[in-house]
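All of the numbers you see were taken from the coordinates with simple rules; none came from a lab. As the structure is a computational prediction, the values presented were derived from the model and not from experiment. No Cβ is skipped: glycine too gets one built from the backbone with ideal geometry, and neighbour counts run over all protein chains shown.
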Amino acid sequence: MDYRNKQDKRSAALKEHKGSKVEYMKKNKAGESASLDLPEDLVVGRNAVMEALKGTRSVNKLMIANGNNEGSIKEIIAVAKEKHINIQFVEKSKLDNMVRGIRHQGVVAQVAPVAYVELEDILQIARDKNEPPFIVLLDELEDPHNLGAILRSADAAGVHGVLIPKRRSCPLSATVAKTSAGAVEYVPVARIGNVVQTIRQLKDEGLWVAAADMDGTDYYEADLTGALLLIIGSEGHGVGRLVKEQCDFVVKIPMVGKINSLNASVAGSILMFEAMKQRGKQG
């Protein structure tokens, strides 16, 4: 199947997005301004959060102190709901601990270190390179260190982009960016809604869908060439049943040791490099 003929080409240029360190100011005992560094993925205070929501920054999550739902907070909630951003109501003490004494006014936003892209942007990257798409989908992966390591391997293995669900998955964060050793700047990441619908969409684009699971075929015997969507499951439960049912085939990594499972990022790396090897031979 020729994935390039499935829809009209759109010209899409991805801009380089770089996270920047945000400094907040507070008064010291002498009344002078003193800078306090926060984690790079946090935006604090009503005005700052509202600007982040209205701007181009990718907001992963909005945290609001319990009992704060009037005035500008009500407006913030409305904008967040309109943009389908995950909203969590938490105890004020949790926000206090997160922001290290800075006045948060009952609201903190967690933002991505780089901007997310759309699925179509990832497909366009493959078209621009005249290559069959090679995409990795992470099914409810929750560990930021695993996500960062997978992005690092994806960059090395020539993956065109990574997909993560909007819910029940680890978003891009400062921890992910650090673990990726800079790969987060080069591997496009798209957030998707319904995983099953996304798989069906990519099948319509001509991609074959493979999942990593212990009941599959040995990975080196599978055909990982051509347009491919590779699905890596969560650390504890692997690939979900409904997701697996949508796959064209399932692959496993045979093991002879006493531990019969691998870390998600290690398993993902093995499969990505096998696909890279096979695709290289194909070319």
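What ranking do Ile192, Ile135, Ile87 get, fewest neighbouring Cβ atoms within 10 angstrom at the top?
Numbers: Ile192 17, Ile135 27, Ile87 13.
Listing Ile192, Ile135, Ile87 from fewest to most nearby Cβ atoms yields Ile87, Ile192, Ile135.
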How would you classify the stretch 168-283 from its alpha-carbon gyration tensor, with a ≥ b ≥ c the square roots of the eigenvalues: rounded for a/c under 1.5, else prolate if a/b is greater than b/c, otherwise oblate? rounded
Arranged from highest to lowest average of other beta-carbon atoms within 10 Å per residue, in what order do the peptides 229-242, 263-276, 70-83 appear? 263-276, 229-242, 70-83
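Please state, as a whole number in µm²/s, the translational diffusion coefficient that the Stokes-Einstein equation yields for the stretch 88-216 at 37 °C and 0.692 mPa s, with Rh defined as the Kirkwood radius across alpha carbon pairs. Please report the intermediate quantities before stating the final value.
On the way: Rh = 16.2 Å.
My calculation gives 202 µm²/s for D.
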Do you know the Lys pair count in the stretch 30-168 for C-alpha distances under 15 Å, with sequence separation 8 or more or different chains? 10
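Placing unit charges on C-beta atoms (Lys and Arg positive, Asp and Glu negative, everything else neutral), compute the dipole magnitude of the stretch 234-276 about its Cα centre in debye, rounded to 20. Could you put the intermediate results ahead of the total?
Working: 4 positive and 4 negative charges, 36 e Å.
Rounded to the nearest 20 debye, it is 180 debye.
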Cα convex hull of the stretch 40-154: how many Å³ per residue? 128 Å³
Remind me, what semi-axes does the stretch 63-114 give for its equivalent ellipsoid, largest first in whole Å, using sqrt of 5 times each Cα gyration tensor eigenvalue? 18, 15, 9
Can you list the residues of the stretch 115-147 with backbone N under 13 Å from a point 7 Å past the Cα of Glu40, pointing along Cα to Cβ? 115
